[in-house]
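These notes are about the structure you will find just below.
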Amino acid sequence: MTVRYLKRGKPLAERVQDDASIRGTVQTAIADIRERGDGAVREMADKFDHYTPESFKLSAEQIEALIAQVPAQALDDIKFAQDQVRQFALAQKDALRDVEVETRPGVILGHKNIPVQSVGCYVPGGKFPMVASAHMSVLTAAVAGVPRIVACTPPFNGQPSAPVVAAMHLAGAHEIYVLGGIQAIGAMATGTDTIDAVDMIVGPGNAFVAEAKRQLFGEVGIDLLAGPTETMVIADETVDGELCATDLLGQAEHGYNSPAALLTTSEALAQSTLSEIDRLLEILPTAETAGASWRDYGEIIVCDTHEELLGLANQMAYEHVQVMTDRDEWYLDNMTSYGALFLGPRTNVANGDKVIGTNHTLPTRRAGRYTGGLWVGKFLKTHSYQKITTDTAAAEIGAYGSRLCILEGFVGHAEQCNIRVRRYGKGNVAYGAPAQDPASPS
């Protein structure tokens, strides 16, 4: 493979963050929440957010008052975005079917898709009020049929964010708390006197939120461990440098460590994109953040063929992959490792983040190799069941089961099968079985 780097980010060794201090901070905080409950939560809220209302849970009256503060156009836009998300989530749910099949006469196997019974949805909001995250988590859980949806978001500039609260409420949250960070994740996972524990926690957040979810996984379910936003543009000479630069910097503004990479077969496009990035960073209001990400985590890579681009893209497995080439459908058919694809110059990652309807909670740090992002199916548990309806089937399956149990040395297991063979098999005895039912009269 011929790969030429016109720009490299930090070496991988330098990118690896020292997570030890974050890990220790989160561990101590969660232990404190377990020990002191609401008292610990309140102290952390005061320390980190300088926000300690009488109750972190918003009343119905408070929610209505906040919604009244949201301009009509903004409410209409939120409803439009939620309608897009709802339509796609409903289509996804319709693809999930309960199953029942008779594999042999009298042997019936099936599964049911059952919603998780309580979910905590975290909506970030300390730096930017992430209105769209309410659609992605709360609304998707509602479509799945989750009967108890708890939504938490930190205060923004010392107060509840009216647009975020409106989005949570319209999406279907049953309880809304203005609470952020470790204290929100810890309270939802372990429960306190005022917040009942949930079964699952979803949603993006900063490094402390991600670490809290990691430490609490197992005690509660989680969606995934999301790191800094990543964006990749795969492009050829069919598009220009301005478009590529805009799509790269548009995501780099998320934070100071948001990777952004251009993979292209065109040296001219690569050079043009570099020039356009320099130009845009002179005028972009979020240039301080986007510029830092581009300086430290930006890459431009030139390959000779689309096959080489494909191989490298699958290896890198970025969260967002914007494809703008003369063969976009070929990439759709052959890409195997990514968070979400954005095909063609008419679409873009911001559409996916905010409005188009697909979910924006996606795998990062190469997790796209083994998982997809948040979707309605994450809130559904597939549980199997089985039943045998005839004596003949009970004896037949029991005989096979008994022999297979003895093969592994599980005599007690085998006897579970044998007793059915004796009772339903007209006196037949399975291999390895005692000749007489111990519970039957001699």
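Just a few scattered comments:
- Label sites at residue 95 and residue 416, each approximated as a point 7 angstrom past Cα along Cα to Cβ, lie 3.5 nm apart.
- Top positive-direction residue, dipole computed over segment 244-339 with Cβ charges, set 323, 269, 285: 285
- Phi-based couplings in Hz for segment 116-123 (Karplus 6.51, -1.76, 1.60; Gly and Pro marked x): 4, 7, 8, 10, x, 9, 9, 10
- Protein-only accessible surface order, largest first, of 174, 360 at 1.4 Å: 174, 360
- In a reduced charge model with +1 at each Lys and Arg Cβ and -1 at each Asp and Glu Cβ, segment 248-363 shows a dipole moment near 340 debye about its Cα centre.
- Positive-end residue, the chain charge dipole about Cα centroid, Cβ charges, pick of 212, 147, 177: 147
- Positive dipole terminus of the chain, leading residue within 137, 384, 314 (C-beta point charges): 384
- Å² of accessible area per residue within segment 238-373, as computed with a 1.4 Å probe and no ligands counted: 41 Å²
- Karplus-based coupling profile of segment 303-312, in residue order and whole Hz: 10, 7, 9, 5, 4, 5, 4, 4, x, 5, with θ = phi - 60° in 6.51 cos²θ - 1.76 cosθ + 1.60 and x standing for Gly or Pro.
- If you wrap segment 1-145 in the convex hull of its Cα atoms and look at it from every side, the mean projected area works out to 18.9 nm².
- Net charge dipole, segment 250-295: roughly 80 debye, given to the nearest 20, about the Cα centre with Cβ charges of +1 for Lys and Arg and -1 for Asp and Glu.
- For the chain, the longest principal axis of the alpha carbon atoms and the long axis of helix 287-297 meet at an angle near 60°.
- Cβ-placed point charges (K, R +1; D, E -1), dipole of segment 314-392 about Cα centre in debye, nearest 20: 340 debye
- Divide the volume of the convex hull around the Cα atoms of the chain by the residue count and you get 207 Å³ per residue.
- Anisotropy class of segment 98-160 from Cα gyration tensor, a/c 1.5 cut: prolate
- Think of it as helices only: each DSSP H run of n ≥ 4 in the chain is worth -39500 (n - 2.57), and spread over all residues that comes to -13500 deg cm²/dmol at 222 nm.
- Taking the 1.4 Å solvent-accessible surface of the chain as the whole, the part contributed by carbon and sulfur is 52%.
The values are calculated or read from the model by the stated rules, or taken from the named source; none is laboratory data. Keep in mind it's a predicted model, so treat the numbers as computed, not measured. With ideal geometry, Cβ positions are generated from the backbone for all residues, glycine too; neighbour counts draw on all protein chains shown. The area values use the complete protein model at the heavy-atom level, side chains included, leaving out ligands, DNA and RNA. Shrake-Rupley method; radii C 1.70, N 1.55, O 1.52, S 1.80 Å.
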